[in-house]
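Participant: Below you will find the structure I want to go over with you.
Rule-based calculations on the coordinates, nothing more; no lab input. Here the structure is a predicted model, which is why all the values come from computation and not from measurement. Methodologically, a virtual Cβ is constructed for each residue, glycine included, from the backbone with ideal geometry; neighbour enumeration extends over all protein chains shown.
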Amino acid sequence: MIKFLDLGLQYKTIQKKIEKTIHNILETGIFIGGKEVQIFEREVEKFCGTKYAISVNSGTDALFLSLKALEIGSGDEVITTPFTFMATAEAIANCGAKPVFVDINPENFNIDVYKIEKAITKNTKAIMPVHIFGQISEMSEIIKIAKKHNLYIIEDSAQSMGAEYKGKKAGTIGDLGCFSFFPSKNLGAMGDGGMVITNNKKLNDSLRLLKNHGSSPEYKYKNLVLGVNSRLDELQAGILRVKLNYLNKWNIGRVKVANYYSKNLKVVKEIHVPVVKDDKTNVFHQYTIRTEKRDELKNYLEKAGVPTMVYYPLPLHLQPALEYLNYKNGDFPEVEKARKEVLSLPIYPELSRKDQNYIIEKIKEFYQK
Ligand SMILES: *Cc1c(COP(=O)(O)O)cnc(C)c1O
């Protein structure tokens, strides 16, 4: 039986190292604010090539606290895409700001950079591009727009750690980059976790205060600003340190599966396989095809023992929780078309060639019938 994602297979390849790490941390008796967290932050700085990495409790908190650090709140607007996980807009809304949506580029599902300027008002403070499915957005255009209108850029890189755009890593191009270590992400914890990266010392200092009750670095019980409790714990940091060593290798493993799928599926004329431009790498958090007969194909594959997923079935502008923003069906034609056509196939470095061949065979079989 093929699984959509099988983290058990990954665990087998690193079991000894993980168990040793957990054991060592248990023996120290230090679970919050110890050296694993500090070292992991330095390792992420090195991996990304950025000055500061600030660990937090989740990708959602990474986004929320980034907005807080930029002092974005009530009366402000932040531009993003509705074709993403709820956390993106939720972080904006929970800061008191208004999420303003822009349609997507149908080729890569990222924000359509040529529609951003029309959405800018006098209240716009930031753009939050989401590097969806493992591929970075058109950042050159976004930077141009941000400079022209004096806006901040927060990259939601939750699905794209390790991806590159014109030689730069995801999260390092804007003012702040946010990662999630939710277990299914390319770098996944065994629980929740997240990280913000930046080259800006002021933002680093502000994030460190905000993530820990505004507690002064000099004296813990002096609270300088209103913050939250959003700390990565030692066990997760230790586990993530082991896994970070494999991230590049695992990302390459995902690309290999993706290339094999694409090579074999591009001959099926009813399917659009993912497009990757020359100036980017794609770390394939998801391998997402488009097809008009999506629901029929999904059912057919399910019956054949091939699990697939639809990301995202209900775009954010149509979410009940965001009804107050007054968007309606039809506002974002590319998102609404994509939502009916997208299908994500199983992808992980450990997925066997035999399983890949079976999945390809069943897809081809569906279209031959
Ligand atoms: C996973 C994800 C998040 C949220 O991360 P959590 O760690 O689950 O809070 C935010 N944005 C995107 C695009 C994601 O995929």
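Participant: Suppose only helical runs count, i.e. DSSP H with n ≥ 4. What mean residue ellipticity at 222 nm does that imply for the chain under -39500 (n - 2.57) per run, divided by all residues and rounded to the nearest 500 deg cm²/dmol? The partial results should precede the final answer.
Facilitator: On the way: 12 runs with 145 residues, N = 369.
-12000 deg cm²/dmol, from helical runs alone.
Participant: Now for a separate question. Would you be so kind as to identify which of His317, Ser262, Leu226 lies farthest towards the positive end of the dipole of the chain, taking Lys and Arg as +1 and Asp and Glu as -1 on Cβ and the Cα centre as origin?
Facilitator: Comparing the listed Cα positions along the dipole, Ser262 ranks first.
Participant: Still on this structure: Among the trypsin sites (Lys or Arg not before Pro) within segment 282-325, which fall in a DSSP loop and have no more than 15 other Cβ atoms within 10 Å of their own Cβ? Don't jump to the answer; show the numbers that get you there.
Facilitator: On the way: sites: Arg290, Lys293, Arg294, Lys298, Lys303; in loops: Lys293.
The qualifying sites are Lys293.
Participant: Next question, about the same structure. Provide the net charge surrounding Asn229, with neighbours chosen by a C-beta distance below 10 Å and charges set as Lys +1, Arg +1, Asp -1, Glu -1.
Facilitator: Values: positive: Lys211, Arg231; negative: Asp61.
After counting each charged neighbour, the total is +1.
Participant: Rank-order 36-44, 84-92 by packing density, defined as the average count of other C-beta atoms within 10 Å over each peptide's residues, highest first.
Facilitator: Numbers: 36-44: 18.2, 84-92: 23.3.
Output ranking for 36-44, 84-92: 84-92, 36-44.
Participant: Rounded, prolate or oblate, given the Cα gyration tensor of the chain, with a/c below 1.5 counting as rounded?
Facilitator: On the way: a/c = 1.99, a/b = 1.21, b/c = 1.65.
It is oblate, given that a/c is not under 1.5 and a/b is not larger than b/c.
Participant: Among Pro349, Pro129, Pro99, determine the one that fluctuates most according to a GNM of the chain built with springs between C-alpha atoms less than 10 Å apart.
Facilitator: Looking only at Pro349, Pro129, Pro99, the largest GNM fluctuation is found for Pro349.
Participant: Using +1 at the C-beta of Lys and Arg and -1 at the C-beta of Asp and Glu, which of Ile79, Ala53, Leu63 has the Cα lying farthest in the positive direction of the dipole of segment 12-90?
Facilitator: So the residue we want is Ala53.
Participant: Same structure again: Out of the DSSP beta bridges found with both residues in the chain, what percent are antiparallel (nearest 5)? Let's see the in-between values first.
Facilitator: Working: 23 of 36 bridges.
Taking every DSSP beta bridge with both residues in the chain, the antiparallel ones total about 65 percent.
Participant: For a protection proxy built on the mean count of beta-carbon atoms within 10 angstrom, sort 63-71, 246-254 highest first, please.
Facilitator: On the way: 63-71: 24.8, 246-254: 16.7.
Listed from highest to lowest mean packing, they are 63-71, 246-254.
Participant: When the Karplus curve 6.51 cos²θ - 1.76 cosθ + 1.60 is applied with θ = phi - 60°, which whole-Hz ³J(HN,Hα) does each residue of segment 256-263 get, with x for Gly and Pro?
Facilitator: Once θ is set to phi - 60°, the couplings for segment 256-263 become 4, 4, 4, 4, 5, 4, 5, 4 Hz.
Participant: Related question: Give the relative contact order (percent, whole number) for segment 215-339; include only Cα pairs under 8 Å separated by 6+ residues. It would help to have the intermediate numbers written out before the result.
Facilitator: Values: 63 pairs, mean separation 16.6, N = 125.
Relative CO of segment 215-339 lands at 13 percent.
Participant: A further question follows. Using Cα centres only, tell me the gap between segment 95-135 and segment 35-80 in whole Å.
Facilitator: That distance is 19 Å.
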